[in-house]
Every structure is written in structure tokens, then in C-alpha cells.
């Protein structure tokens with residue numbers, strides 16, 4: 001595989017900082033240099049996540065979790081783009097580009113960042129998602145255009161479906177268990193992760209991840225020919 005003169009995309013998706021690095025660096029590299037990814041569809045998760053985000057538009061932050069600063073959810077589903085990322089004092093070609101779920105404007109002038117999840121995964125921890133949320137925070141604090149904003153809090157708002165509810169066609173639905181998972185700011189770890197991420201992208205084609213379902217399928221499929 002011949003590496004092109006420049007990558008097909010130079011904007012880093014925040015979610016790739018968690019799922020990309022932890023799954024398969026080879027697929028990650030191909031995605032950014034050739035813009036080729038395995039098709040995936042999660043229609044039910046997407047629908048429930050959209051309902052979750054809509055439900056909390058305009059919500060008071062302390063009603064989501066008492067630990068949060070006084071404020072109100074004022075923005076949702078907006079794209080943010082950062083200035084070029086600087087790693088070890090060197091400006092790179094790479095930027096963060098992503099769409100956050102919820103942003104609150106706090107009474108003290110800071111903002112709160114919330115990422116919505118509909119999941120029953122044991123990975124729904126602040127540590128696992130920290131690089132992803134820090135990427136959004138970095139973009140808000142170092143925007144490609146517009147005014148910088150100070151991110152005072154980050155967290156996951158998790159819905160875990162637990163029960164079916166309703167007795168008629170018009171009332172059927174799902175009951176969920178809700179929890180808010182605070183994510184501590186850790187800019188040092190974010191810079192470490194983004195540095196590793198960029199090193200992978202700027203290097204040569206990496207080996208497949210041992211647990212990568214895409215690569216394992218392709219190997220097994222090609223063996224049949």
C-alpha cells in the first residue's frame with residue numbers, strides 16, 4: 001500500500017481518540033489517509049440518543065446532577081473545530097472536528113460539556129471517555145474561529161434501558177436507568193493521547209489490532225479465495 005502525499009482528511013474525530021486507538025490502529029490509519037471505513041449502522045441507538053439530547057434541551061444543570069454548577073443547557077448538536085493541534089511545541093496539520101451533544105452556559109460565565117450515551121456497556125467510565133471529551137473541550141477553548149470558552153465541567157449522561165413500559169399502542173416505550181458520570185479535566189493525558197494518535201497517523205501502515213473484527217473478517221474472507 002503506497003502512502004499518499006497527504007492524508008484524505010486532516011480533521012480528527014473526538015470519538016476516534018477512544019474507539020480508534022483502542023480497537024485497530026491499522027483501520028484508523030487507512031481511515032485518515034484513504035477515507036475508507038467499514039460501513040456501520042446503529043439506527044436504534046442513534047434514535048434514542050437523539051431523543052435523549054432533545055429531552056435535556058434547556059434543562060437546569062443541577063437537575064441533571066446536583067454536583068453541577070448552576071446553569072442551563074443552551075446549545076446542542078453543534079459542530080466545533082479547533083486550531084491546528086500543537087504537540088511538543090510543534091504545530092501539526094491536524095485539527096479536532098466534532099459535534100458535541102449538550103453544552104450548558106453556567107451562571108459564572110463558564111460552560112459545562114455533556115456527552116449523551118444510551119448504553120449498558122461497562123466501559124461507560126470517565127477515564128475511558130476522557131480523551132474524547134477533552135477533544136471537545138480543546139476545540140471550545142481553542143476554536144478555529146470565534147471566542148474561546150472556558151470548560152468548567154465535563155461528564156457522561158448515560159441512559160441504560162431497563163424495562164418496557166405502557167399498556168396501549170400510544171403509550172408503549174422504554175424505561176431507563178439514568179446516571180451522570182463526571183469526567184475530570186486531564187489536559188496532560190489528552191496531549192499524551194493526541195501525540196500518540198498523530199504519531200500513528202504520520203507513520204507507516206500499522207499492524208492490525210488482534211481484536212479488530214474488520215481485519216479479522218477480511219483475513220478470513222480472503223483465505224477462502
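The numbers here are math on the coordinates, done by the rules we state, and not lab data. Quick caveat, the model's predicted, so the values are computed rather than measured. Please note: Cβ atoms are built from the backbone with ideal geometry, for glycine as well, and neighbour counts cover all protein chains shown.
The table below lists the values:
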{"read-out": "Spin-label model distance (nm) - residue 86 vs residue 199, 7 Å beyond Cα toward Cβ", "value": "2.1"}
{"read-out": "Highest-MSF residue in the chain out of 171, 202, 134 [GNM, Cα springs under 10 Å]", "value": "171"}
{"read-out": "Whole-number D in µm² s⁻¹ for the chain, Kirkwood Cα-pair radius fed into Stokes-Einstein, 10 °C, 1.306 mPa s", "value": "82"}
{"read-out": "FRET E, pair residue 185, residue 224, Förster distance 35 Å, beta-carbon r, rounded to 0.05", "value": "0.10"}
{"read-out": "GNM result for the chain, Cα springs below 10 Å: residue of 196, 107, 170 fluctuating most strongly", "value": "170"}
{"read-out": "DSSP bridge orientation in the chain - percent antiparallel, rounded to nearest 5", "value": "75"}
{"read-out": "MRE, 222 nm, helices only [DSSP H, n ≥ 4, -39500 (n - 2.57), over the chain, to nearest 500]", "value": "-10000 deg cm²/dmol"}
{"read-out": "Cα-projected label distance for residue 1 with residue 47, points at 7 Å along beta-carbon direction, nm", "value": "3.5"}
{"read-out": "Cα-based helix-to-principal-axis angle, 43-55 vs the chain, degrees rounded to 10", "value": "40"}
{"read-out": "For the stretch 34-161, convex hull of alpha carbons as volume per residue, Å³", "value": "144"}
{"read-out": "Using alpha-carbon coordinates, inclination of helix 126-141 to the longest axis of the chain, degrees", "value": "90"}
{"read-out": "Principal-axis tilt of helix 25-34 within the chain, Cα atoms, nearest 10 degrees", "value": "80"}
{"read-out": "Mean Cα-pair separation over length for the chain, i.e. relative contact order, pairs under 8 Å, 6 or more apart, %", "value": "22"}
